[in-house]
């Protein structure tokens, strides 16, 4: 499956296929993470996993754990490409994956398990911090 978009800037990608989570909850968390700095997004996911932060009283720990693993993988891909982590922004999206069927003896019984395909892109944007100019020396007269 192709990625949603290909940015012109330097970027790193990670794709999670058939992750055991609800695509609806995945999209909810991805919307929260989209266009956030990498450090902010990681902090948000870690806080939700530990229970320090919630979204409408829910923590979505299973979904957050899967997305945090994918974000760490994408960050390692970016580091291997030599990108600057201070200038990275997260773009994430979740789509419906394959529906697994847990079968029972009779055909009418059983349950379906939801999966999601999640793509994570880290885009290096922004300007480098300007170098500080040394203070001009004043000449006393």
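Numbers below:
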| item | result |
| --- | --- |
| Taking the chain and dividing mean pair separation by its residue count, relative contact order in percent (alpha carbons under 8 Å, at least six apart) | 38 |
| Added length on full extension, which subtracts the Cα-Cα distance from 0.36 nm per residue, residue 106 to residue 61 | 12.9 nm |
| Crossing angle, helix 38-50 versus the chain [Cα axis fit, 0-90 degrees, rounded to tens] | 40 |
| Which of 109, 91, 100 has the fewest Cβ neighbours within 10 Å, and the rest in rising order | 109, 100, 91 |
| For the range 1-61, diffusion coefficient by Stokes-Einstein and Kirkwood Rh (Cα), 37 °C, 0.692 mPa s, µm²/s | 245 |
| Convex hull volume of the range 11-124 per residue (C-alpha atoms, cubic angstrom) | 103 |
| For 67, 122, order by how many other beta-carbon atoms lie within 10 Å, fewest first | 122, 67 |
| Rounded to 10°, Cα long-axis angle of helix 61-80 versus longest principal axis of the chain | 40 |
| Helix 23-33 vs. the chain, principal-axis angle (Cα, 0 to 90°, nearest 10) | 10 |
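Throughout, read-outs are computed from the coordinates displayed, never taken from laboratory work. Given the structure is predicted, the values throughout are model-derived calculations rather than measurements. For neighbour counting, all protein chains shown are included, and Cβ atoms are generated from backbone atoms with ideal geometry for every residue, glycine included.
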